[in-house]
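The values are calculated or read from the model by the stated rules, or taken from the named source; none is laboratory data. These numbers come from a predicted model, not from an experiment. No Cβ is skipped: glycine too gets one built from the backbone with ideal geometry, and neighbour counts run over all protein chains shown. For accessibility, only protein heavy atoms count, side chains too; no ligands or nucleic acids. Shrake-Rupley method; radii C 1.70, N 1.55, O 1.52, S 1.80 Å.
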Amino acid sequence: MAANGSTNLTKMQLIASSLCKHFSIDPKAFLGDSTENDIKTLCLNILQSSGNDSSPRHKDEVMKWIDFAESFPTDSKECFDVLNKLNEDLACISVLLDNGLSPTEADVIVFTAIHSFVMGLPNSNCEKLPHVMRWMDYIQNKEDFGELFGKILLKKPFFDPPIAKPPAKAGAESNAKKTAESTKSANKSEADSSGKTSDAAKMATGEKGATQEKKKSVETEAAAKDKKKKATGDKEATQEKKKSENEAVEKDKELSVSLLNIQVGLIRKAWKHPSADSLLVEEIDVGEAKLRQVVSGLAKYCNPDELTNRRVTLITNVKPGKLRDVMSEGLVLCASNEDHTIVEPLLPPEGAKPGERISFSGIDVKPEDVLNPKKKQLDKITPNLFTDDKGVATFKGIPFMTSAGPCTSSIPRATIK
């Protein structure tokens, strides 16, 4: 259920592990119980073993959140509706119980129950749940979960406070006033003196003024030309910069997994290609009215019986085309070791429904209707698809997520194509 840390743990095992970490007790005694008990019984056993003595009211509130975790839905729309209600509950509080700042067992249980779904939410949906995202970020930083959960990345607003200017001192104001009065007095003296100038001096002054005015006019015109030239240069530089930025954005877009429509599929039937020994043909359920027929190069690595009723991930917006005279309407994504001696389809977790779209934390997936083969988009994107050290399928390290958890492979550090 969780990304990066415990891909093989069930929901109950994750709750047991995270609760035991919260209370600093050994989880081994309870991990075996997780296959025999329901979530409520498991939590109560751990709470009793913790020796945590709390009030009846506190215990009743904890039971309410245990019920929340146990009944958290698997359907994406229902999950989002439940989180909307939780978002309202968290609007004025930092933690679920006791109106304080310290997380309780209730916070740990609910965090564990909803983590995998929140991890896979696109940015547009995260923005609709500000209080849930703020609470998730607080809990993951307050609690030491080790490697149980992948880190939820939260965009936090940047605040740049304005720098206040210090008030002018009284002495400075007094000096300014004295300077203004001195200037006024000097101007008055000059005016009285100029009134006594001879006619010859006036004429000389007039000629000098005309020369200065002409010189000023020439300088003004030259400055205007320089300003216009600079403005034109700045405008061209701005346009060039904008063009470069747009080209960079387009290039990033061409390399982004958001172009791909990757969905969960269930193979209903598989058989050998009639005219190619290296190919298999599969009929795959992707939640549509009609099954999709896909041709895959898996004949050397899997037999048809192994693939029947197996969950897979496939790209469904590739351009349909024939492979050795058999129509193919998708591309099954497979993990491969370095020398390509082991190849297997990626495996979505149990509980992921056919047709569900794979999501990537922090990326708004807006796939094209049909990929353009001439742009070679797949060739540009697939080098960034790989499994991590634990076999979790990723794009640049960001897990392939479903509502039930990440897609995985038994091959760590594998390429994905």
- Item | Residues satisfying the stated conditions in region 31-45, i.e. at pLDDT below 85 and open to solvent by 20 Å² or more (accessible area, probe 1.4 Å) | LEU31, GLY32, ASP33, THR35, GLU36, ASN37, ASP38
- Query: Any idea which residue in region 46-72 is most open to solvent (accessible area, probe 1.4 Å), counting only those that are assigned to a loop (DSSP other than H, G, I, E, B) and out of contact with any Lys or Arg (no Cβ under 9 Å at 6 or more places or on another chain)?
  - Reply: ASP53
- Item | THR382, sole failed condition from (1) over 15 Å from LEU259 (Cα atoms); (2) open to solvent by less than 70 Å² (accessible area, probe 1.4 Å) | (1)
- Query: On the given criteria, is VAL365 under 19 Å from the mean Cα position of the chain (by Cα), among the β-branched types (Val, Ile, Thr) and open to solvent by 10 Å² or more (accessible area, probe 1.4 Å)?
  - Reply: yes
- Message: Name the residue that is surrounded by the most Cβ atoms within 10 Å (Cβ to Cβ), counting only residues in region 385-417 that are outside any strand (DSSP E or B) and under 19 Å from the mean Cα position of the chain (by Cα).
- Response: CYS407
- Message: Against the condition closer than 16 Å to LEU333 by Cα and either in contact with a Gly (Cβ under 8 Å, 6 or more places away or on another chain) or of a type in the set (Val, Ile, Thr) (or both), how does LEU279 come out, does it pass?
- Response: yes
- Task: Could you check LYS77 against (1) at pLDDT below 85; (2) within 32 Å of the chain's Cα centre (by Cα); (3) in a loop (DSSP other than H, G, I, E, B) and say which number it fails?
- Result: (3)
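Quick grid of which residues meet (1) open to solvent by less than 30 Å² (accessible area, probe 1.4 Å); (2) in a loop (DSSP other than H, G, I, E, B):
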| residue | (1), (2) |
| --- | --- |
| VAL281 | yes, no |
| GLN293 | no, no |
| TYR301 | no, yes |
| GLU306 | no, no |
| THR313 | yes, no |
